[in-house]
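Peer 1: Okay, here's the structure, questions in a sec.
The values are calculated or read from the model by the stated rules, or taken from the named source; none is laboratory data. Model, not experiment: these values are computed from the prediction. Here the Cβ positions follow ideal geometry from the backbone for every residue, glycine too, while neighbour counts run over all protein chains shown.
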Amino acid sequence: MSWAVLQGVIDRLLASEAEERTLALAGGEPVLEWPLVRRAIEYVRESSSNGKPPAISLTSNGLLLDQEKARFLVEHDVEVQISLDGVREAHELRAPGTFDVLDRLLVRLRRDHPSWYRKRLSVGMTLTSANLPFLARSGEYLLGRGIESLRLAPLLTHDEGWGREADAELERQMGEVFDLCLEHYQRTGAIPLEVFRRPANPPEARHDRPVCRVNAPETQAVGVDGSVNGCPLLLAQEVGGTQAGSVLREWIERPEWPGLRRERYSSYGRCWDCDFIDECLVCPVASANIPGNTDPRRVPDSGCAFNRIIGRYRRLFPPVAGPEDHLKGNDPLPTAMTDLAKALGLG
Ligand code: SF4
């Protein structure tokens, strides 16, 4: 991407009157273009001295984040998501020979920037039928590394190893992950697995919501050549290994597209009959990636199983406490706090 394109994007963002503004740098691997990334971050921070500054996020495979780059990101308050699928056995399926590099990176970042690490670092895990048997151990490992924000998502491309056995394994693994997260929540008050976070008072269910926000005007993705789209997967550059762009573009043009949420189905059943229809996050790109599929209503079984099983556990998890809960004392006091109070003779 040329600086002229990137500067134009940032100027547009800075001119926005939206309450929340985020510049999200992603790839490919954005750190490969470090001088440009650095220039963009400095430009945002120098140009937004008035009002609430935009958030900046960077999604990276982490392999090039040396000490100097990390210090720069911390000093400029950049949120970083590192792609790491968990323990060695899980992650090496994605990128052989890289687990040790990333493990050392987490140890170093936590030691050098503990506060930023807790608040601004997240780990993105992609769940596949191959790394599924390591899911609970991976959750335990990442919690042990002090990660407070874990983003778990199913594979967007076709997962040919997914079947009923994988469903049973996901159920079993998620049971263990649930116990781990609940114990962590009771001890610290934090909910590390983002798919478990739910508001105490969710907005009213609307089954007629579009299946995705690709046409939402408030989010725009810009490709390296300056092309603009509501979704990065629909830019001229195909990312994430998906080849679904042209299929998806054709679907989005159809008049029935906005109402498809109710009409979708998988081999488990119809979305209209599903308890989780309102919170279902199966991306249409995953539908377009089912080999030979031409029906925009067909949802891959792996994505459907992920939403059903995780949705059930999410409902069992305590909701995120809001300001009202804090004021009324409805949010549970983490055991770490009560232990501290006791140790100080206050409890
Ligand atoms: S979980 Fe499956 S059946 Fe339910 S809404 Fe999502 S895709 Fe449809």
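Peer 1: Checking the condition assigned by TED's automatic domain parsing to the domain that holds Pro300 and of a type outside the set (A, V, I, L, M), which residue from Asp100, Asp66, Asp159 passes?
Peer 2: It is Asp159.
Peer 1: Can you tell me which residues in the range 263-284 are surrounded by fewer than 15 Cβ atoms within 10 Å (Cβ to Cβ) and part of a helix (DSSP H, G or I)?
Peer 2: Glu263, Trp272, Asp273, listed by residue number.
Peer 1: So which pairs qualify, if the first residue must be in the range 250-265 and basic (Lys, Arg), the second must be within 16 Å of the ligand (Cβ to nearest atom) and part of a helix (DSSP H, G or I), the Cβ gap must be under 7 Å, and the two must be at least 6 apart or on different chains?
Peer 2: Arg261/Cys271; Arg261/Ile277; Arg262/Cys271; Arg262/Trp272; Arg264/Cys271
Peer 1: Could you list, in sequence order, the residues of the range 178-201 that are in a strand (DSSP E or B) and out of contact with any helix residue (DSSP H, G or I) (no Cβ under 7 Å at 6 or more places or on another chain)?
Peer 2: Result: Pro199, single match.
Peer 1: Are any of the residues in the range 96-106 at pLDDT 95 or above, touching a helix residue (DSSP H, G or I) at 6+ places or on another chain (Cβ under 7 Å) and acidic (Asp, Glu)?
Peer 2: No, because not a single residue in the range 96-106 is at pLDDT 95 or above, touching a helix residue (DSSP H, G or I) at 6+ places or on another chain (Cβ under 7 Å) and acidic (Asp, Glu).
Quick grid of which residues meet (1) more than 16 Å from the ligand (Cβ to nearest atom); (2) modelled with pLDDT of 75 or more; (3) touching a Leu at 6+ places or on another chain (Cβ under 7 Å):
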{"position": "Val211", "(1), (2), (3)": "no, yes, yes"}
{"position": "Gly223", "(1), (2), (3)": "yes, yes, yes"}
{"position": "Leu234", "(1), (2), (3)": "yes, yes, yes"}
{"position": "Gly240", "(1), (2), (3)": "yes, no, yes"}
{"position": "Leu260", "(1), (2), (3)": "no, yes, no"}
{"position": "Ser267", "(1), (2), (3)": "no, yes, no"}
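Peer 1: Any idea which residue in the range 139-185 is modelled with the lowest pLDDT, counting only those that are of a type in the set (S, T, N, Q) and within 18 Å of the chain's Cα centre (by Cα)?
Peer 2: Result: Thr157.
Peer 1: Can you confirm whether Arg254 is within 21 Å of the chain's Cα centre (by Cα) and either modelled with pLDDT of 80 or more or of a type in the set (Gly, Ala, Ser) (or both)?
Peer 2: In short, no.
Peer 1: With the condition kept exactly as written, say whether any residue in the range 80-92 is farther than 27 Å from Ser287 by Cα and part of a strand (DSSP E or B).
Peer 2: The answer is yes; a qualifying residue exists.
Peer 1: Given the criterion at negative phi and surrounded by fewer than 16 Cβ atoms within 10 Å (Cβ to Cβ), identify the matching residue among Pro30, Pro35.
Peer 2: One residue alone meets the criteria, Pro35.
Peer 1: Please determine whether any residue of the range 304-317 is away from the ligand (no atom under 11 Å from the Cβ), within 19 Å of the chain's Cα centre (by Cα) and either under 18 Å from Glu160 (Cα atoms) or at pLDDT below 90 (or both).
Peer 2: No, the range 304-317 contains no residue that is away from the ligand (no atom under 11 Å from the Cβ), within 19 Å of the chain's Cα centre (by Cα) and either under 18 Å from Glu160 (Cα atoms) or at pLDDT below 90 (or both).
Peer 1: Using the structure shown, decide if Arg104 is within 24 Å of Leu135 (Cβ to Cβ), free of Cβ contacts under 8 Å to residues at least 24 places away in the same chain and within 24 Å of the chain's Cα centre (by Cα).
Peer 2: Considered against the rule, which asks whether it is within 24 Å of Leu135 (Cβ to Cβ), free of Cβ contacts under 8 Å to residues at least 24 places away in the same chain and within 24 Å of the chain's Cα centre (by Cα), Arg104 comes out as yes.
Peer 1: May I pose another question? So, in the range 40-65, exactly how many residues are surrounded by fewer than 15 Cβ atoms within 10 Å (Cβ to Cβ) and at pLDDT 95 or above?
Peer 2: Of the residues in the range 40-65, 2 are surrounded by fewer than 15 Cβ atoms within 10 Å (Cβ to Cβ) and at pLDDT 95 or above.
Peer 1: Restricting to the range 285-296, what's the tally of residues that are assigned to a loop (DSSP other than H, G, I, E, B) and under 24 Å from the mean Cα position of the chain (by Cα)?
Peer 2: 3
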